[in-house]
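Chemist: Have a look at this one before I ask anything.
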Amino acid sequence: MTSTHHAPVPLTRPARLRPGARVAVVAPSGPVVGERLDAGLDILRGWDLDPIVMPHVRDRHPEFGYLAGGDEGRARDLQEAWCDPSVDAVLCARGGYGAQRMVDLLDWDAMRAAGPKVFVGYSDVTALHEAFAVRLGLSTLYGPMVSAATFLKDDPTQRSLRTTLFAPESALTLGLESARPMVGGRARGVTVGGCLALLAAGLGTPHSRASVRGGLLLIEDVGEEDYRIDRILTQLLRSGWLDGVAGVVLGSWEECGPYERVRAVLYERLAPLGVPVVEHFGFGHCAPSLTMPLGVPAVLDAGAGTLTLEVPATA
C-alpha cells in the first residue's frame with residue numbers, strides 16, 4: 001500500500017486499451033443528462049470500444065438533486081465494474097458532487113485483488129483518484145468524462161484521451177501553447193493532484209496523503225471565487241500538505257471570476273514555495289482539456305510550458 005507519509009512514488013500503471021475493449025461507465029457523483037451520456041457512448045463506440053452503462057448511472061437521488069442516486073448504488077456500480085474481469089476500463093459519466101459520500105462504501109481489498117485497470121474522470125472524481133493512489137497504489141487518468149460538454153464537442157479533448165488510452169507513447173510531452181511560466185525553472189517528481197477544493201476536502205480522511213512532498217502538483221477548479229481559492233490554498237499551506245512540493249501545474253479556473261484576480265491569489269500563495277509553477281496548462285474544466293496521468297514520474301519545464309512523462313501513462 002502506498003505510504004501517506006513519504007514522497008509520492010510512481011504508481012502501478014494500467015494496461016493500455018485495445019480495439020474492442022470493454023469499458024464500464026459509472027456515475028459516482030452528480031446526476032447525468034441522458035442525451036449527453038448517449039452522445040458520449042457513441043463517441044466511445046466510434047473508437048471501437050464496447051461501453052457498458054452500469055445499472056445506477058441514470059438514477060436520481062429521491063431527496064438530494066445533486067446526486068446520481070443513492071450512495072450505496074453509486075458505490076456498487078463502481079465496485080462491480082472494477083471487479084468484473086471482462087472490464088478493461090472504468091470511465092466516469094460526470095463530476096459535480098458525491099464521490100466523497102460513497103468512497104468509504106467501497107471494498108478496497110476486493111478492488112485491490114481485481115488488479116489495475118484504467119480509471120478516468122476529473123472534478124469531483126478527485127476524491128476517487130486520491131483513494132485509488134493511497135489505497136490501491138494505482139495510477140489513474142485525470143481526464144474528460146463521458147457526458148461532459150467539453151468531451152462531446154471538443155476534438156482536441158477527445159484526441160488527448162484517445163491517444164492516452166490507445167497509444168500513450170505518442171503523448172509523453174504534455175502542454176498546450178497557452179502554457180506559460182508563473183515561476184520559472186525545472187522540476188522532477190511524480191504527478192499528483194486534481195480539483196483544488198476536493199484535495200483540501202480530503203485532508204484528514206483515510207484516502208488522503210499527509211503531504212505532496214517531492215511531487216508535481218496538478219491543480220484546477222471551477223466556480224470558486226478568488227477568496228475561496230485563497231482559503232483553500234491557505235488551508236493546504238497551514239496543514240503542511242504543500243511542504244516540499246517539487247513543482248505546480250495550474251489548469252483551468254473556469255467561472256472563478258476575472259483571471260487576473262485569481263492569478264494574483266495563486267501567485268501570492270504559491271510563488272513563496274520557491275518551485276516552478278506553470279499556468280494556463282489546459283486541463284480540467286476547459287476546452288481543450290488535456291488528459292493528465294496521476295502517479296507517473298515526469299519532468300516539469302515551466303519555461304517551455306511542458307510536462308514530460310518519463311513513462312507512458314498506460315503500460
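The values are calculated or read from the model by the stated rules, or taken from the named source; none is laboratory data. Here the structure is a predicted model, which means the values were calculated and not measured. Quick reminder, even Gly has a Cβ in these numbers, built from the backbone with ideal geometry, and neighbours come from all protein chains shown. We work out accessible area using only protein heavy atoms, side chains counted, and drop any ligands, DNA or RNA first. Shrake-Rupley method; radii C 1.70, N 1.55, O 1.52, S 1.80 Å.
Chemist: Just one of (1) farther than 25 Å from residue 302 by Cα; (2) within 16 Å of the chain's Cα centre (by Cα); (3) open to solvent by 10 Å² or more (accessible area, probe 1.4 Å) trips up residue 153, so point out which.
Modeler: Condition not satisfied by residue 153: (2).
Chemist: Could you list, in sequence order, all residues of the stretch 107-123 that are open to solvent by 10 Å² or more (accessible area, probe 1.4 Å) and not in a loop (DSSP other than H, G, I, E, B)?
Modeler: 108, 109, 110, 112, 113, 123
Residue-by-condition table, conditions (1) aliphatic (A, V, I, L, M); (2) closer than 24 Å to residue 208 by Cβ; (3) free of Cβ contacts under 8 Å to residues at least 40 places away in the same chain; (4) open to solvent by less than 50 Å² (accessible area, probe 1.4 Å):
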| residue | (1), (2), (3), (4) |
| --- | --- |
| 66 | no, yes, yes, no |
| 70 | no, no, yes, yes |
| 75 | yes, yes, no, yes |
| 94 | no, yes, no, no |
| 102 | yes, yes, no, yes |
| 105 | yes, yes, yes, no |
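Chemist: Another one. Name every residue in the stretch 290-315 that is part of a loop (DSSP other than H, G, I, E, B) and open to solvent by 10 Å² or more (accessible area, probe 1.4 Å), in order of residue number.
Modeler: Hits for the stretch 290-315 are 290, 303, 304, 310, 311, 312, 315.
Chemist: All but one of (1) surrounded by 24 or more Cβ atoms within 10 Å (Cβ to Cβ); (2) among the hydrophobic types (A, V, I, L, M, F, W, C); (3) part of a strand (DSSP E or B) hold for residue 52; which doesn't?
Modeler: Unmet condition: (1).
Chemist: Within the stretch 237-254, is even one residue aromatic (Phe, Trp, Tyr), within 21 Å of residue 9 (Cβ to Cβ), in contact with a Ser or Thr (Cβ under 8 Å, 6 or more places away or on another chain) and crowded, with 19+ Cβ neighbours inside 10 Å?
Modeler: Looking through the stretch 237-254, at least one residue is aromatic (Phe, Trp, Tyr), within 21 Å of residue 9 (Cβ to Cβ), in contact with a Ser or Thr (Cβ under 8 Å, 6 or more places away or on another chain) and crowded, with 19+ Cβ neighbours inside 10 Å.
Chemist: May I pose another question? Looking at this structure, is residue 29 among the hydroxyl-bearing types (Ser, Thr, Tyr), crowded, with 19+ Cβ neighbours inside 10 Å, touching a Lys or Arg at 6+ places or on another chain (Cβ under 9 Å) and at pLDDT 95 or above?
Modeler: Yes: the conditions hold for residue 29.
Chemist: Separate question: Looking at 171, 148, can you tell me which residue is out of contact with any Lys or Arg (no Cβ under 8 Å at 6 or more places or on another chain) and not acidic (Asp, Glu)?
Modeler: Unique residue meeting the criteria: 171.
Chemist: Right, something else. Please indicate, with yes or no, whether at least one residue in the stretch 277-295 is farther than 24 Å from residue 139 by Cβ and touching an Asp or Glu at 6+ places or on another chain (Cβ under 8 Å).
Modeler: Yes, there is a match, as at least one residue in the stretch 277-295 is farther than 24 Å from residue 139 by Cβ and touching an Asp or Glu at 6+ places or on another chain (Cβ under 8 Å).
Chemist: Closer than 17 Å to residue 149 by Cβ and either open to solvent by less than 10 Å² (accessible area, probe 1.4 Å) or at pLDDT 95 or above (or both), is that true of residue 35?
Modeler: yes
Chemist: Taking the options 72, 63, 80, name whichever one is in a helix (DSSP H, G or I) and farther than 25 Å from residue 48 by Cα.
Modeler: 72
Chemist: Checking residue 204 against (1) of a type outside the set (A, V, I, L, M); (2) at positive phi; (3) at pLDDT 95 or above, only one condition comes out false. Which one?
Modeler: (3)
Chemist: Under the condition of being free of Cβ contacts under 8 Å to residues at least 60 places away in the same chain, out of contact with any strand residue (DSSP E or B) (no Cβ under 9 Å at 6 or more places or on another chain) and of a type in the set (Gly, Ala, Ser), which residue from the stretch 172-210 is most open to solvent (accessible area, probe 1.4 Å)?
Modeler: Restricting to residues being free of Cβ contacts under 8 Å to residues at least 60 places away in the same chain, out of contact with any strand residue (DSSP E or B) (no Cβ under 9 Å at 6 or more places or on another chain) and of a type in the set (Gly, Ala, Ser), the top hit is 204.
Chemist: Inspect the stretch 265-272 for any residue being touching a helix residue (DSSP H, G or I) at 6+ places or on another chain (Cβ under 8 Å) and outside any helix (DSSP H, G or I) and give the result as yes or no.
Modeler: No: the stretch 265-272 contains no residue that is touching a helix residue (DSSP H, G or I) at 6+ places or on another chain (Cβ under 8 Å) and outside any helix (DSSP H, G or I).
Chemist: Check residue 89 against each of (1) closer than 23 Å to residue 295 by Cα; (2) aliphatic (A, V, I, L, M); (3) open to solvent by 10 Å² or more (accessible area, probe 1.4 Å) and name the one condition it does not meet.
Modeler: Only one criterion in (1) closer than 23 Å to residue 295 by Cα; (2) aliphatic (A, V, I, L, M); (3) open to solvent by 10 Å² or more (accessible area, probe 1.4 Å) is unmet by residue 89, namely (3).
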